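Worksheet: one structure, shown below.
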Amino acid sequence: MITLRPATISDVALLRYWDTKQHVIDCDPDGDWNWETELGRNPEWREQLVAELNGAPIGFVQIIDPFLEETHYWGDVAPNKRAIDIWIGEEVNLNKGYGTIMMELAIQECFQDPAVDGILIDPLKSNTQAHRFYERLGFEFLEERMFDADVCFVYELKRTR
């Protein structure tokens, strides 16, 4: 059984280790998550979660409110949206359906707030496997966009779907 729990400062070593994995780097090549600082903060606009399979950590999920997020990474975004980042830590756990379950749990978490009307994601343009993954979950392509130095595809899952 997969569950999501809040990430804590005790997860720093594991998250740093996962950051060295090539499949994680391939999804976020410029990502420096600054774990020691960020896991000690709990802003109202963000949830950082560790996915566990039968109590063992297998992945990470971040849910943000892109309207309130302080760096304005998403630019001008309407209120009542959420954005999700997700990855599985170990290669051995890829292609087993765990990512689908993690996303379903994250989607459920986002839509628990009745005001939320859409969820955004931004996989790299080159990550065609991620595009298919999100499309299978009902996300619809919105646009190609630059985020920092990365060319990404922006997708949205609307509550009405």
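Arrange His23, His131 by Cβ neighbour counts within 10 Å, fewest through most, would you? Write out the running numbers ahead of the final one.
Details: His23 13, His131 18.
The order, fewest Cβ neighbours first, is His23, His131.
With +1 on the Cβ of every Lys and Arg and -1 on the Cβ of every Asp and Glu, and nothing else charged, how large is the dipole of the chain about its Cα centre, in debye rounded to the nearest 20? Kindly include the intermediate steps, with their values, before the conclusion.
Details: 15 positive and 30 negative charges, 122 e Å.
Value, rounded to 20: 580 debye.
Counting other C-beta atoms within 10 Å, which of Ile84, Ile25 has the fewest, and how do the rest follow?
Details: Ile84 22, Ile25 13.
So the ranking, lowest neighbour count to highest, is Ile25, Ile84.
Given points 7 Å out from each Cα along the Cα-Cβ axis, report the Met1 to Arg41 separation in nanometres with one decimal.
For Met1 paired with Arg41, the spin-label model returns 3.4 nm.
Please enumerate, by chain and number, the lysines with C-alpha under 16 Å from the C-alpha of Lys158, excluding those fewer than 8 residues away in the same chain.
Partners within reach: Lys81.
Once the convex hull of the C-alpha atoms of the stretch 2-119 is built, how many Å³ does it hold per residue, rounded to a whole number?
Working: hull volume 12.7 nm³, N = 118.
Hull volume normalised by residue count: 107 Å³.
Which of Pro114, Pro57, Pro123 moves the most in a Gaussian network model of the chain with Cα springs under 10 Å?
In the Gaussian network model the winner is Pro114.
Pop the C-beta distance of Phe141 and Ser10 into the FRET formula with R0 = 30 Å and round what comes out to the nearest 0.05. If you can, show how the numbers build up before the last one.
Values: r = 38 Å, r/R0 = 1.27.
The formula returns an efficiency of 0.20 here.
Working out 0.36 nm times the residue gap between Val116 and Val92, then minus their Cα-Cα distance, what length gain in nm do you get to one decimal? Provide the component values of the computation, followed by the final result.
Numbers: separation 24, 0.36 × 24 = 8.64 nm, distance 3.40 nm.
Going from the current span to full extension adds 5.2 nm.
Taking a point 7 angstrom from the Cα of Leu105 along the C-beta vector, which residues in the stretch 32-49 have backbone N less than 15 Å away?
Backbone N within reach: 47-49.
Would you compute, from DSSP H runs of 4+ residues alone, the mean residue ellipticity of the chain at 222 nm, taking -39500 (n - 2.57) per run and dividing by the full residue count, rounded to the nearest 500?
On the way: 5 runs with 40 residues, N = 161.
Roughly -6500 deg cm²/dmol at 222 nm, from the helical runs in the chain.
Dipole of the stretch 2-119 (Lys/Arg Cβ +1, Asp/Glu Cβ -1, origin at the Cα centre): which of Trp18, Ala83, Asn93 lies farthest to the positive side?
Asn93
I want to verify a result. In a Gaussian network model of the chain, Cα cutoff 10 Å, which of these has the top mean-square fluctuation: Gly75, Gly118, Gly89?
In the Gaussian network model the winner is Gly75.
Measuring from label point to label point, each 7 Å out along Cα→Cβ, what is the Lys21 to Gln129 span in nm?
Modelled inter-label distance: 1.1 nm.
Please build a GNM for the chain, connecting alpha carbons under 10 Å apart, and tell me which residue among Glu47, Glu135, Glu70 fluctuates the most.
Evaluated over the chain, the most mobile residue of the options is Glu70.
Mind checking which aspartates and glutamates have their Cα closer than 19 Å to the Cα of Lys125? Skip sequence neighbours fewer than 8 apart in that chain.
Those aspartates and glutamates meeting the cut-off are Asp26, Asp28, Asp30, Asp85, Glu135, Glu140, Glu143, Glu144, Asp148, Asp150, Glu156.
Bear in mind that the values in this text are calculations on the coordinates, not laboratory data. Remember, predicted model here, so these are calculated numbers, not experimental data. Quick reminder, even Gly has a Cβ in these numbers, built from the backbone with ideal geometry, and neighbours come from all protein chains shown.
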